[in-house]
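The structure appears right after this line, and notes come after that.
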Amino acid sequence: MEQGAFIIVIPMIACLLAWLMMPFDFRTNTTLRKRALVERLNALLPQTQCGKCSYDGCQPYAEAIASGKADINNCPPGGDETIRNISTLLGRDMKKLESEHEQQLQQHVVLIDEQICIGCVKCINACPVDAIIGAAKQMHTVISKACTGCELCIAPCPVDCISLVPVNVEIKKWVWTKPQPEFEVST
Amino acid sequence: MTRELHSFPGGLQMPTFKTLSDQEMSILHPLPERLILPLQQHIGIPSQPCVSIGDKVLKGQTIARAFGYVSVPMHASTSGKIIDIGDYPVPHPSELKAPCIVIESDGEDKLFDIRPTNEYASVDPKELQDVIRECGIIGLGGAGFPAHVKLNEGVENAVDTLIINGVECEPYITCDDRLIQEKASYVVAGTRMIRHAVQAKHCVIAVEEDMPAAYAELEKLIDDDIELVKVPTRYPAGGEKQLIQVLTGKEVPSGGLPIHAGIVMHNVATAAAVFRAVTRGEPVISRYVTVTGLVEKSRNLQVLLGTTVKDCIKACNFEADENCRVILGGPMMGMHVTNPDVPVIKTTNCILVQENIPRLPEMPCIRCGNCVDVCPVNLLPQQLYWFAKTDNTEASQRHHIFDCIECGCCSYVCPSNIPLVQYYRYGKSQIAAEERRRDGADHASARFAARNERLQKDEREKQSVKEEKRIANQKEDKQSYINAAVERSKAKRALNKKTLEDTNKDD
C-alpha cells in the first residue's frame, strides 16, 4: 500500500521540481506569448483604423485573430498582401479576401470640397489619425500625406462635401507589372 | 608589365551586331526646334528649376539646380526660350509623365559665358569635384549615378585603382567605341583628371577585345602612368562588379561598393565629359547615341539632350511605325518605349529599332538549370523566379534578389521563354512598395496613438475640473464664501476712495 503511494508521489515531486526550475517568464508564457502575437499581428495590419473588419481598429482585430474569434481575411485595405503575411505568421493556408468586402487595388485619400464645407468639425472628430485640420465654423482641409483613406469621415459629413480620390502614381512609386503566362501548370 | 586577367562566373558569348554602326564616323544631329529636358536624368533627387516660362536662355546656362547631395544641376542644350515647365513623357519603363523643362530653340545656338579651370593638376581635388558637379556630370555608361559622389568616396577612402570602363559589352551599342576612336585625347586627359580628383595609386583603361581601332587610338596617347587593358569579349564583362572581378580578381561583396575594395570606376564617356568640364567649363548637354537595328543607316549621332527619339530615328532615314519596336539601351537590358516622343537624356546610349515580333509564349519552368550556369553573380534564378511569382518577398530577399544586375542572361538562355528579369524587376519593386506601405502604416499608427493620448488627456482634464468643483461646493459653506467676497470688495472700494482723496489733496 505504502509502496503504491510512492509510485505516485515521487513522479509528482519530480514534475513540480522541473516546473520550478523553468525560467519564470516561461511559466507564465501563455499571456506573454499571446501579447507578443497580438503585437506581431498588429504590425502586419495597415493601421488605417477603418473598422471595415467590424472591429474598432487594427489592434482589436489583431486581438480577435490571436484569440481565434476572427478569420484572417477580413482586412480590405490590407488585401492579399496582409492575408499572406498573416497566414505565414500563423502557419495557416492562404485565403481569399472575405467576399463581402471589396478588394482595394488602388490607394485612395479623401478630399474636402472647400466651397461646400460649413466647418461643422464632425469629420475632424471622426478621423482616427488627425489628418483633417480646421476649427468650428472655419474651413476644413485634409492633410493628404497623413490620410489613410479609411472613409470614416465621409458618413458624418452633413453636406456631403467629402469625396474619395485615387492617389496619383508617380514614377518613384511605380511598380512593375507581373508577367501573366498564358499557360499555367495545373496543380 | 601586363595585368593578369581573371574571370567572372557565368556570362554569355553572343553575336554582337556592332559592325552595323561602328564603321561610320559619327555625325552631329541637326538642331531640333524643341528640346524636352526631364528634371530627373540621374539617380537621386530631381533638380529644381531656376528659370520660369518665357525666360530666354543661352546654351550651357544652368536651368535647374541640384537639390540635395545626390543630385546634379541641368543646363540648357541650346539657346532659346523656355516655353513650358510641366509633365511630359520621359524615357522610363512606366511610360508615365514627369516634370520637364521645354526649350524652343532660337536657331542661334549661342553659348553661355563658361569658365574653364586651368591647370587642373594644381587644383585641390575637392574643387575639381565641385567643377564636375556644377557641369552636371553623371555616370554616362547607363546607370546615371552622379559622378561627384563617386569622386568624393575616393577622397575619403584610399583609392588603389581607378578603372575607366570602355567595355561596351551589350550587343549593338557602339557609342563608347566611336567616342574613343574620335575623341581619344579627351578620354585620356579626362582619365588623368579623375585620377587627380580621387588620388588613385593605379589607373586602368579597359576596352573589349573586339574594339581594336579604339585600342589603337588610346595606345598612341597613353604613357606609363595609365595601363591599357583588353578584356575578353563576354557579356556582361562591362558590368561594374564583373569588370572589377576581371581586372583585379576581387569580388565586391553583396551590398558593398567598389570603394570598399579600394576601387573607383567611371565610364569613358564620363571621362570625356570631365575633360570638357574642366578645360572648357562645358556642361553635359549632348552625348553620343548609337541608332541601329532596322534603320537604313546605322550610325552614331552626337545628339543634344532633349532631342526626341523620333528625330534621331528620322536622322537615320527611318520612320518608326507599329511594325517595329523601339528599345532605349541594348537588347539585353534596354527598355521598350511605345511613345517615340520621349527625349534623349544623359543616360540614353542607344536607340535600337527592331522588328515587332510577338514574344514566344511563356512555358512552365522545367528546372533545366541553364539560368544558374549563366548568372554572372552566382544567384539562383529559378528559385528567385518562384519567389517573385508567388510574391514571397521575404524569401527573395534571403536569396539576394537585390544583387541581381538585371543583365538578362537567364532570360536569354531560358528554353521555356520565361521573362525572368521582368519577374525580378516586379519582385524588387514589390519589396520597395511593401516597405513604403509599412512606413505609411507606422506613420498612421503613430498618429493614431498620439490622437488617443490627446483624447485621454482631454478627458482626464475634464474629469479633474469637475471633481474640483464638486469638492469646493461640498467643503465650504456657500454663504460664508459670498460674505468673504463682499468684504473684499468693500475694502477695495474704500481703498480706492482714500487714494482718490489723497491725490486731490496733493493738487
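The values are calculated or read from the model by the stated rules, or taken from the named source; none is laboratory data. None of the values given here were measured: they were computed from a predicted structure. Here the Cβ is made from the backbone with ideal geometry for all residues, glycine too, and neighbour counts use every protein chain on show. Note: areas computed on protein heavy atoms with side chains; ligands, DNA, RNA excluded. Shrake-Rupley method; radii C 1.70, N 1.55, O 1.52, S 1.80 Å.
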For this session: Kindly indicate which of A:177, A:88 is within 14 Å of another protein chain (Cβ to nearest Cβ), at pLDDT below 95, open to solvent by 70 Å² or more (accessible area, probe 1.4 Å) and not in a loop (DSSP other than H, G, I, E, B).
Result: A:88
Problem set entry | Of all residues making up the stretch B:1-23, the number that are open to solvent by 60 Å² or more (accessible area, probe 1.4 Å) and acidic (Asp, Glu) | 1
Exercise. Do any residues in the stretch B:437-459 that are under 23 Å from residue A:79 (Cα atoms) and at the interface with chain A (Cβ under 9 Å from one of its Cβ atoms) have Cβ atoms under 6 Å from those of residues that are surrounded by 12 or more Cβ atoms within 10 Å (Cβ to Cβ) and not hydrophobic (A, V, I, L, M, F, W, C), where the two are at least six apart or on different chains, and which pairs are they?
Worked result: B:441/A:46; B:441/A:47; B:444/A:47; B:444/A:148; B:445/A:47; B:447/A:130; B:448/A:49; B:448/A:128
For this session: Could you figure out which of (1) open to solvent by 30 Å² or more (accessible area, probe 1.4 Å); (2) in a loop (DSSP other than H, G, I, E, B); (3) farther than 24 Å from residue B:339 by Cα isn't true of residue B:51?
Result: (1)
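State whether one or more residues within the stretch A:56-68 are surrounded by 16 or more Cβ atoms within 10 Å (Cβ to Cβ) and either among the aromatic types (Phe, Trp, Tyr) or assigned by TED's automatic domain parsing to the domain that holds residue A:155 (or both). I'd like the intermediate steps shown before the answer.
Initial filter on the stretch A:56-68 (surrounded by 16 or more Cβ atoms within 10 Å (Cβ to Cβ)): A:57-66.
If we keep only those that are either among the aromatic types (Phe, Trp, Tyr) or assigned by TED's automatic domain parsing to the domain that holds residue A:155 (or both) too, we end up with A:61.
The answer is yes, given that some residue of the stretch A:56-68 is surrounded by 16 or more Cβ atoms within 10 Å (Cβ to Cβ) and either among the aromatic types (Phe, Trp, Tyr) or assigned by TED's automatic domain parsing to the domain that holds residue A:155 (or both).
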Seminar exercise, completed: The condition of being small (Gly, Ala, Ser) and either touching a helix residue (DSSP H, G or I) at 6+ places or on another chain (Cβ under 8 Å) or open to solvent by less than 20 Å² (accessible area, probe 1.4 Å) (or both) holds, among B:432, B:395, only for B:395
Exercise. Looking only at residues in the stretch B:358-385 that are surrounded by 16 or more Cβ atoms within 10 Å (Cβ to Cβ) and closer than 16 Å to residue A:178 by Cβ, which one is nearest to the other protein chains (Cβ to nearest Cβ)?
Worked result: B:362
For this session: Give the number of residues within the stretch A:38-76 that are more than 14 Å from every other protein chain (Cβ to nearest Cβ) and assigned to a helix (DSSP H, G or I).
Result: 4
Exercise. Do we find that residue B:414 is more than 30 Å from residue A:42 (Cα to Cα), crowded, with 20+ Cβ neighbours inside 10 Å, of a type outside the set (Ser, Thr, Tyr) and within 14 Å of another protein chain (Cβ to nearest Cβ) in this structure?
Worked result: yes
For this session: Scan the stretch A:122-149 residue by residue and report those that are hydrophobic (A, V, I, L, M, F, W, C), part of a loop (DSSP other than H, G, I, E, B) and open to solvent by 30 Å² or more (accessible area, probe 1.4 Å).
Result: A:135, A:136, A:139, A:143
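Does residue A:169 satisfy the condition of being within 13 Å of chain B (Cβ to nearest Cβ), of a type in the set (A, V, I, L, M) and part of a loop (DSSP other than H, G, I, E, B)? Full working, then the answer.
Values: within 13 Å of chain B (Cβ to nearest Cβ): yes; of a type in the set (A, V, I, L, M): yes; part of a loop (DSSP other than H, G, I, E, B): yes.
Yes.
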